[in-house]
């Protein structure tokens, strides 16, 4: 029964409360007794009626059964349906009439009581409401309500007293206010959903009740603010830190903070200045919680992030937190800002520090990383099976994904809060990126840079900012301003390496309107240039052609302002450079490579331990190596969470595709022209001035994805069109991408995705690195017009350029790069359109000659090295595995040294064999085409080719070939039959050319009369080539021997030759003498051109010299020809 009904006015009383004769109303107990009696009587009548119906149905069924038993049965009576007794119809119970509405005063009192959890009588103490006699008596006395009369609560008269009394008497005053706030919301819902007052006639009543709730809520906000800011004098105030704890524990009701801020911001409210200091302390408390407890190894790592998300939903608090000096700390002249200071002072730093990484170096982890992951989840990596490890990694990735989503949400809310918070967020990102420029150094001091997990979190948030840019297509990409790296706005590009510009070019080209000193410097430079003679304004023709100098470029203006799209794009690029690229390089160099080395060392020591007992020192070293391996293996699994994360790699691939599209359409396609390639030279200052990591972000992302998650590239194959176009344009344009190592990375990606085989023979080691054939990629490259036309030329040009990459490992890098180039050339050789492009490139004899020269250089070096290694391996195996007396006479240390030397030789021989096989195969392919073969027959090239081929035949076919036998040739990729076959077939390719056969015979270094016949005999016995090819080789041998005899006859006829007719280097008769303008010396053109193919300098003074600078010595040439004719005595010319 509604407890308000007992004290309602008589005119709204229940009719049951009056007697029929109109006498005085009965007591409530009497009314209750009568109602119960009436209800029991009706139930008894219903039971009697149902019993009577059941008895009648039973009697009817019994009579029917008796009749059926007495009646005779017909022969085949048709089935007669049994009549069905109709169901008894229950009489409807009359509905209880609805109670009349309370008076408005009673309804208001009820709303106030429920909202503030107060009961006026003990019977009303239900649903969380409490009956407090002292409080109620005080309210009665204050309102003048007599005993027996009903107390009706009003907001203005009673709400303050109730709140003060309840706050003073509560152990948790904030909790009480939170509950009251929630109850206010419930009351509003009840009022809005009460159908009895939904009509228009009850609009005033509904409005009054809603205003009552609003007034109660305002008083709740008043006392909440007073409690938090310390102005509530009746009891101990609540510290803001306690409020922060409530936020962390998610005890603050939804909408409470919004209502608190809105109340203080109202015109007649206390003002935001009264409550914002409270939130300043709340933010500090949440930050402290993040600093101390927000670890991925903790189950409550999301609490600080969720709390911050809840706070930053309000723009006032976004402005508050970003206005604080701790948001973007500043250094001073006496104490410049560094990473340690930034992490200590910055508000957001602890939130971005959440990490699954142990920190580097491993023996001294960084304070902001989390070594507990490696120490607990990957404590014993060698005993961890793959399924368990992948399960842990998946769990960590899921947790990180949630944390990063919160970080992105936090930064996005700050950016949306207004211009000031957005600017502060971008400044925060720029500051942390500027402080971590040393992360890409050769030797990183990890105490001076942020942790890897921290930087990867920064990168992830910035990439999320760029999602609308990436997904928006060209409409969004064209908003990116390429002059951003030339400005002094936010990011520091002073030490950044540019694509095709040096620091002097940057000073001449760009005017940063923010930097007055730079403008003055440029003005002085232009004035000085104007006073100089025209010589300084003009450039040499060679320089203009190469584009190496561009003094005529007008100064370019840097934009005054940059949009949000531009800033997000460049910040994201920098974060990839300092985050993912730095981490991936460290992962490859410091973890994977070290693990491979440790594995080899441990395997060797274990093998030695099984053969003979290790000394105590050796056992200690073995234990130390295993501990180091386990530590690195744990770290590797932690880094696998990031480096091989499909979500991260997918995001990076999509960003790399957008980056490539922007570079192609914004910069490389301007000015408009029919064909993208060749690119106009000199390169435009805007493109040339871009930092190298603009392209490096593309290459590293794609290579890492292909190495660890190639399926991601397949899933995003629709993005490959622009990526492949950019790879070809970049690799084919050395003046636009001056760093050959960067262009080599573009080619490496093409090598990874380029179709294998395509009709040719593919080596097993190539399949090991590149994976199986992909029909989708075959279709892509078959229909890619830019690739069909320009890829071969890009490959040949890069093959030459990687001779000097600028890297400290350039000697080894160039062979790896050339191996990939050779593999691509082999694949495209069997595609008609690509082979046609190779022929077109071969027509540019000057450039193609340099490529062929490098192929021969590499073949000479690699084959010479591998043959020497194999001979030494043969000797060592004979000593070690033969059990000779020499071996038995060695000490243990000497035996160990020989074993180590053999293992080292096996490693180097395998590498050299793979590279050499690829190189010989490339030579074999190129000489098979008649158009390309002409290049090898030039005077400066044919002798080099024949000298190399003759030397290899000597090593493979003479008696010393037995020294090349090793016990496990497949282990070192030694394939002598295949190598000899390709060398012989290369001879055969030139079978119809007299020049080649003559050069074979005139090779004074390796050629002997019996050389080719011995090779023919081996090829015949081993069935290496066909009978037709054997016959061609015999003809070459005959013509070569004939050339030897003719040369001997001519040498005897010429006799003593004047020195002026001899080449000063080769001491041979000059057939085409030319003067070197740099030194004045005269040389044979074939000799000097052969030298210039490898080094474009004068061999006598090392000055720059090119083939077009050579001066013909016509008069000397005529004298030499006259001399030769005279000595021949009228013989053949």
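Where a number appears in this text, it was derived from the coordinates with a stated rule and is not lab data. Just so it is clear, the structure is predicted and the values come from calculations on it, not from any experiment. Cβ: placed from backbone, ideal geometry, glycine included. Neighbour counts: every protein chain shown.
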So if R0 is 51 Å, what FRET efficiency would residue 267 and residue 448 give, r being the distance between their Cβ atoms, rounded to the nearest 0.05?
0.45
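State the extension gain, in nm to one decimal, for the chain segment bounded by residue 962 and residue 103, taking 0.36 nm per residue of separation less the distance between their alpha-carbons.
Values: separation 859, 0.36 × 859 = 309.24 nm, distance 11.71 nm.
That pair, residue 962 and residue 103, stretches by 297.5 nm at full extension.
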List the relative contact order of the stretch 1059-1128 as a percent without decimals, with contacts defined as Cα pairs under 8 Å and 6+ residues apart.
32
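Want the number for residue 388 to residue 614: 0.36 nm per residue separation, take away the alpha-carbon distance, what's left? All intermediate terms of the calculation are to be shown ahead of the outcome.
Details: separation 226, 0.36 × 226 = 81.36 nm, distance 3.46 nm.
Computed gain between residue 388 and residue 614 is 77.9 nm.
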In Å and from the alpha-carbon atoms only, list the Rg and Dmax of the stretch 204-249.
14.5, 43
How many nm is it between the label spots at residue 48 and residue 315, if each spot is 7 Å from the Cα in line with the beta carbon?
7.6
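Need the full-extension length gain, residue 1059 to residue 864, defined as separation in residues times 0.36 nm minus the C-alpha distance. One decimal, nm.
Values: separation 195, 0.36 × 195 = 70.20 nm, distance 3.46 nm.
Taking residue 1059 through residue 864 to full extension adds about 66.7 nm, to one decimal.
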Suppose we look only past 18 Å in the calculated P(r) of the stretch 260-314. What percent of the Cα-Cα pairs does that tail hold?
44
Cα-based convex hull, the chain, per residue volume (Å³, whole number):
387
For the pair residue 1034 and residue 707, the simple spin-label estimate (label points 7 Å beyond Cα toward Cβ) gives in nm 5.4
Tell me, what is the percent relative contact order of the chain, built from C-alpha pairs under 8 Å that lie six or more residues apart?
6
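Is the stretch 981-1133 best put as rounded, prolate or oblate by its Cα gyration tensor, with a ≥ b ≥ c the root eigenvalues, rounded for a/c under 1.5, and otherwise prolate when a/b is larger than b/c, oblate when not? Display every interim value, and only then the final one.
Values: a/c = 3.00, a/b = 1.65, b/c = 1.82.
Since a/c reaches 1.5 but b/c is at least a/b, the shape of the stretch 981-1133 is classed as oblate.
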Identify the residues of the stretch 1059-1091 with backbone N under 13 Å of a label point that sits 7 angstrom from the Cα of residue 1101 along the Cα-to-Cβ direction, or state none.
1076-1082
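Set the Förster distance to 22 Å, then compute FRET efficiency between residue 504 and residue 557 from the Cβ-Cβ distance, nearest 0.05. Write down the numbers at each step before the final one.
Details: r = 19 Å, r/R0 = 0.86.
Calculated transfer efficiency: 0.70.
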Whole-percent pair-distance distribution, where bins are 5 Å wide, for the alpha carbons of the stretch 1059-1128
3, 18, 29, 24, 14, 7, 4, 1
Computed log₁₀ I(q)/I(0) - Debye formula, equal Cα scatterers, no solvent, the stretch 104-238, q 0.12, 0.16 Å⁻¹:
-0.48, -0.83
Modelled label-to-label distance, residue 206 and residue 427, 7 Å Cα→beta-carbon offset: nm?
5.0
Using a Förster distance of 22 Å, the FRET efficiency for residue 1111-residue 934 (Cβ separation, nearest 0.05):
0.25
Taking a label point 7 Å from the Cα of residue 669 along the Cα→Cβ vector, which residues of the stretch 714-733 have an amide N closer than 17 Å to it?
719-730
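Find the relative contact order for the stretch 104-238 and round it to a whole percent, using C-alpha pairs within less than 8 Å whose residues are 6+ positions apart. Walk me through the numbers before you get to the answer.
Details: 122 pairs, mean separation 37.7, N = 135.
28 percent.
Among the DSSP beta bridges whose two residues both lie in the chain, what percent are antiparallel, rounded to the nearest 5?
On the way: 8 of 12 bridges.
Of all bridge pairs located within the chain, approximately 65 percent are antiparallel.
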Helix 785-801 versus the longest principal axis of the chain: what is the Cα-based angle in degrees, 0 to 90, to the nearest 10?
60
Against the longest alpha carbon principal axis of the chain, how many degrees, from 0 to 90 and to the nearest 10, is the axis of helix 133-143 turned?
70
